[in-house]
1. Within segment 2-42, which residues are assigned to a helix (DSSP H, G or I) and either within 14 Å of the chain's Cα centre (by Cα) or more than 26 Å from Gln139 (Cα to Cα) (or both)?
2. Pairs needed: first member in segment 1-22, in contact (Cβ under 8 Å) with a residue 60 or more places away in the chain; second member anywhere, more than 11 Å from the ligand (Cβ to nearest atom) and among the polar types (S, T, N, Q); C-beta distance under 6 Å; at least 6 residues apart or different chains.
3. Could you give every pair whose Cβ atoms fall below 6 Å, whose first residue belongs to segment 108-132 and is under 23 Å from Leu151 (Cα atoms), and whose second residue is modelled with pLDDT under 95 and surrounded by 11 or more Cβ atoms within 10 Å (Cβ to Cβ), counting only separations of at least 6 or pairs across chains?
4. Is one or more of the residues making up segment 12-33 within 10 Å of the ligand (Cβ to nearest atom) and over 18 Å from Ile133 (Cα atoms)?
5. In segment 83-94, is there at least one residue being within 9 Å of the ligand (Cβ to nearest atom) and either within 20 Å of Ile128 (Cβ to Cβ) or out of contact with any Leu (no Cβ under 7 Å at 6 or more places or on another chain) (or both)?
6. Only residues in segment 28-57 that are under 14 Å from Pro85 (Cβ atoms) count as the first member; pair them with residues that are open to solvent by 90 Å² or more (accessible area, probe 1.4 Å) and of a type in the set (Lys, Arg), Cβ under 7 angstrom, at least 6 apart or cross-chain, and list the lot.
Amino acid sequence: MKTLVVYYSRSGTTKKIADEICDKMNCDIEEIIDNKNRKGLFGWLIAAFDARSKKLTVIENIKNDPSKYDLVIMGTPIWAGLMAPALRTYINQNKNQFKKVAFFCTHGGSGELKTFKDIEDSTGIKPISKLGISAKDLQTGYEDKLKEFILEINKI
Ligand SMILES: Cc1cc2nc3c(=O)[nH]c(=O)nc-3n(C[C@H](O)[C@H](O)[C@H](O)COP(=O)(O)O)c2cc1C
């Protein structure tokens, strides 16, 4: 199954999980770059506001055509209980290009269910697997969760 991992990460956590998924699976990887400044306190506040308002943003051109893949695994940090605007923009720009999808997110401790529903509603496709990694998981370990996520994908 030709697979692409595509993710947005502001501070590196979602990137770390994306890299690990890619290490364990034979797939291509693409980082979504948000051109809006998300740094500092002001950047944080605007980020939360943009996410909560389901705003789109300006992202850099992507390199991999998602329609060429059997499966696209999408990753985002949770912002204000929803996906980050960069992933929302990516999905919006590539609507109807996805065959199968799987989702993962990283977060401080809340918002997984709502975020997965948000991504599912945006893509219009039920994911074959979902993975949520909290700040606590990062400390205590998430190897089993990651294995389960990949196992679900490999059942297809
Ligand atoms: C603007 C903003 C809003 C956030 N909102 C939430 C939230 O609603 N729930 C939560 O558990 N974590 C929230 N977080 C924490 C991030 O989801 C978490 O730190 C994530 O792992 C960061 O991923 P990254 O390093 O890939 O950017 C928020 C972080 C930011 C910057």
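1. Listed by number, the residues that qualify are Thr13, Thr14, Lys15, Lys16, Ile17, Ala18, Asp19, Glu20, Ile21, Cys22, Phe42.
2. Final answer for the pair search is Leu4/Asn64.
3. Ile128/Ile156
4. no
5. The answer is yes, given that some residue of segment 83-94 is within 9 Å of the ligand (Cβ to nearest atom) and either within 20 Å of Ile128 (Cβ to Cβ) or out of contact with any Leu (no Cβ under 7 Å at 6 or more places or on another chain) (or both).
6. From residues that are under 14 Å from Pro85 (Cβ atoms), the pairs are Arg38/Arg10.
The values are calculated or read from the model by the stated rules, or taken from the named source; none is laboratory data. Here the structure is a predicted model, which is why all the values come from computation and not from measurement. Because the Cβ atoms are built from the backbone with ideal geometry, glycine has one as well, and the counts that use them run over all protein chains shown. Areas reflect the complete protein model, heavy atoms only, side chains present, ligands, DNA and RNA absent. Shrake-Rupley method; radii C 1.70, N 1.55, O 1.52, S 1.80 Å.
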